[in-house]
Each structure stands twice: as C-alpha cells, then as structure tokens.
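Heads up: the structure comes next, in structure tokens.
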Amino acid sequence: MSNLKLAIQRKGRLTDKSVELLKLCGLDIESYFERLVVTARNFPLEILFLRDDDIPEYVQDSVADAGIVGENVLFEKQTTTMEMEKLGFGRCSLIIAHPEKNQLKSINEIDGKTIATSYPNILKNFLKKNKINAKIIELSGSVEIAPSLGVADLICDIVSTGNTLMMNKLKKSFNVFDSEAVLVSSKATLNNPEKNGILQDLLGRIRSVKNARDSKYLMMNIPKTSLERIVEIIPSLKSPTVLHLADENMLAVHAVIPSNKFWHIIEDLKAAGASGILLLPIENLIQ
Ligand code: PRP
Ligand code: ZN
C-alpha cells in the first residue's frame with residue numbers, strides 16, 4: 001500500500017502548528033527536527049518538509065500528494081493545486097504599508113508609487129481591481145527594508161503579529177487579502193483511489209479536530225426545577241444529557257457548547273441555580 005505524501009513548511013510560521021494538527025489527528029510522528037521526510041508509524045502518511053513557497057508547485061506536479069500551506073502562498077503561485085479545507089491557524093493579512101511619516105489618506109494616493117513585494121500576482125490583481133497604476137518591485141525577502149533603502153515608496157507584505165512593521169517604522173494603510181493555513185491537494189490525488197482514500201480519512205480527522213477545538217464539554221449540577229430554563233440557555237448541539245443525582249432535588253446536566261459561548265451564558269446559568277460548573281476541553285468531536 002502506498003503512502004500519502006504530505007508537504008508541510010520546513011521552518012516557519014506554519015511548521016509547529018502543522019505538526020501539532022497531525023498529532024491531534026492521532027498520527028504518531030517522530031520528532032521532525034532537521035529531517036526532510038518523516039513517516040507516521042500508525043497511518044499511511046509521509047511528511048515532506050519543504051519551503052512553503054514551493055509547496056503549491058510540488059503538489060501540482062505530484063511530487064507531494066497534498067500539502068499544508070498559507071492561502072497567501074497558494075494564491076500567489078497560481079498553480080492547479082486545490083484548497084480542500086481551511087485549518088484555522090496561521091492567520092495573517094497581506095497588506096500595503098507606508099513609512100510612518102508618509103501617511104496615505106486614500107487608496108488613490110498609491111497611484112504612481114513604487115511598491116516592493118514578494119506577492120506580485122496578488123498585488124497586481126488588487127491594483128487592477130482598484131484601477132490603480134503603480135510600479136511593482138519584486139523581492140524574494142526582506143521586503144520591509146525596501147522603503148528605508150529608498151528602493152520603494154510602499155511595501156505589500158504579510159503581517160501577523162505586526163512586529164516586523166513596527167521594527168521598520170511602517171504602518172498599515174490597506175488590507176489586500178486575509179489568509180490562513182489550508183490543506184491543499186491535486187486532481188491526480190483525488191483520482192487515485194488509494195491516495196484519495198487516505199486523504200479523505202485525514203480530512204475527516206482534521207474536521208473532527210477542528211470541531212473539537214471550537215467546542216467545550218460543559219458539566220454542572222442544577223435544581224430539578226430549573227431544567228427547562230437551563231435548556232433554554234444552553235446553545236447545545238443536540239439535547240443535553242440529564243443525569244439523576246443522589247439528592248433527588250438535583251440533576252446533573254452535560255452538554256457540548258461552542259467555546260466562545262461559555263462566557264456569555266455563565267451568568268444566566270448561575271442565576272438559574274447551576275452550581276459545580278465544569279468546562280472541559282474536547283479532544284475529538286465526530287459529527
Ligand atoms: C512574513 C513577512 C514578515 C513577517 C511578518 O514572512 O514577510 O517577515 O512574516 O510577521 P509579523 O507581523 O509577525 O512580524 P513569512 O512568515 O511569510 O515568511 P517567508 O516569507 O519567509 O515564508
Ligand atoms: Zn515563504
């Protein structure tokens with residue numbers, strides 16, 4: 001049986017989170033540091049550690065069967081590689097930034113300027129859509145120093161924490177594109193029953209990890225008389241589990257809730273008489 005070859009970023013913003021996701025999917029992967037290829041012990045998958053910029057092309061050319069890459073790189077490279085699933089990490093924005101002292105008031109002020117970027121294709125489309133004429137200078141790295149070197153008036157680059165901008169005395173002027181890490185694959189992989197079978201299995205696991213990450217398991221004790229009110233408050237996926245307790249006037253209620261809802265409902269739950277409220281992480285949630 002052949003393995004699914006999955007390309008992930010060798011060293012960068014997405015590396016640790018990509019490995020963490022695969023481990024949460026139940027894959028037994030050996031420590032990956034300084035290795036180019038790692039095989040999972042309990043799943044037919046091989047991880048190839050590559051430069052993220054090369055991943056769309058490698059997947060297109062079937063050097064890898066699938067990959068984890070940022071949408072920024074995926075869209076810039078204009079390959080036939082397809083986005084299969086958003087992964088909810090590696091969020092960043094491609095933005096246009098200006099030196100602190102030369103503020104841009106409107107998007108039209110970009111007209112006639114010179115912009116340094118590693119994303120010429122995405123930038124070209126953005127300028128065209130906004131009917132702006134600007135000169136693009138393509139750089140493969142260290143784009144942020146271009147204005148201070150006098151190479152460009154503006155830059156178009158990725159921002160995640162904003163540290164790089166701040167350190168280079170640059171400020172965001174316009175958002176071009178929001179990006180996150182995605183699982184990508186190719187037609188060739190989908191058309192290969194064996195590889196596609198492994199890919200679909202992996203996708204199912206990834207979805208269950210994502211669901212679990214967005215959900216929490218809520219447990220609490222309530223007075224029997226409050227049950228109706230509590231059920232109203234809990235935005236549970238399905239009807240909550242209700243258990244009897246030794247104290248006949250009390251019940252235990254368990255439910256899966258969206259993680260971000262907890263702090264909105266906690267006061268209502270307390271007001272309805274809930275006590276011993278426990279909120280637990282969920283490792284996997286298969287729907
Ligand atoms: C981007 C960008 C900046 C940095 C910004 O590089 O080119 O250098 O991230 O991040 P910050 O806002 O957190 O400071 P990226 O991680 O995409 O690396 P790469 O271009 O080398 O792949
Ligand atoms: Zn890169």
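The values are calculated or read from the model by the stated rules, or taken from the named source; none is laboratory data. Note that the structure is a prediction, hence the values are computed from the model and not measured. Cβ sites come from the backbone with ideal geometry, for glycine too, and all protein chains shown count toward neighbours. The accessibility values were calculated without ligands, DNA or RNA, using every heavy atom of the protein model including side chains. Shrake-Rupley method; radii C 1.70, N 1.55, O 1.52, S 1.80 Å.
Worth a mention:
- Test for residue 149: is it away from ligand 2 (no atom under 16 Å from the Cβ), aliphatic (A, V, I, L, M) and either open to solvent by 50 Å² or more (accessible area, probe 1.4 Å) or in contact with an Asp or Glu (Cβ under 8 Å, 6 or more places away or on another chain) (or both): yes
- Considering residues of the range 1-40 that are basic (Lys, Arg), closer than 23 Å to residue 207 by Cβ and more than 16 Å from ligand 1 (Cβ to nearest atom) only, the residue surrounded by the most Cβ atoms within 10 Å (Cβ to Cβ): 5
- Candidates 253, 242 - the one that is without any contact (Cβ under 8 Å) to a residue 60 or more places away in the chain, crowded, with 18+ Cβ neighbours inside 10 Å and outside any loop (DSSP other than H, G, I, E, B): 253
- In the range 258-287, the residue that is farthest from the chain's Cα centre (by Cα) out of those that are modelled with pLDDT of 90 or more and part of a strand (DSSP E or B) is 275.
- Strands (runs of 3 or more DSSP E) contained entirely in the range 1-77, each with at least 1 residues that are touching a residue at least 40 places away in the same chain (Cβ under 8 Å), farther than 23 Å from residue 212 by Cα and more than 17 Å from the chain's Cα centre (by Cα): 4-9, 45-50
- A residue that is open to solvent by 70 Å² or more (accessible area, probe 1.4 Å), within 11 Å of ligand 1 (Cβ to nearest atom) and modelled with pLDDT under 95 can be found somewhere in the range 117-140.
- Yes/no for residue 179 being open to solvent by less than 20 Å² (accessible area, probe 1.4 Å), under 23 Å from residue 17 (Cα atoms) and not aliphatic (A, V, I, L, M): yes
- Number of residues in the range 93-114 that are open to solvent by less than 10 Å² (accessible area, probe 1.4 Å) and within 14 Å of ligand 1 (Cβ to nearest atom) equals 4.
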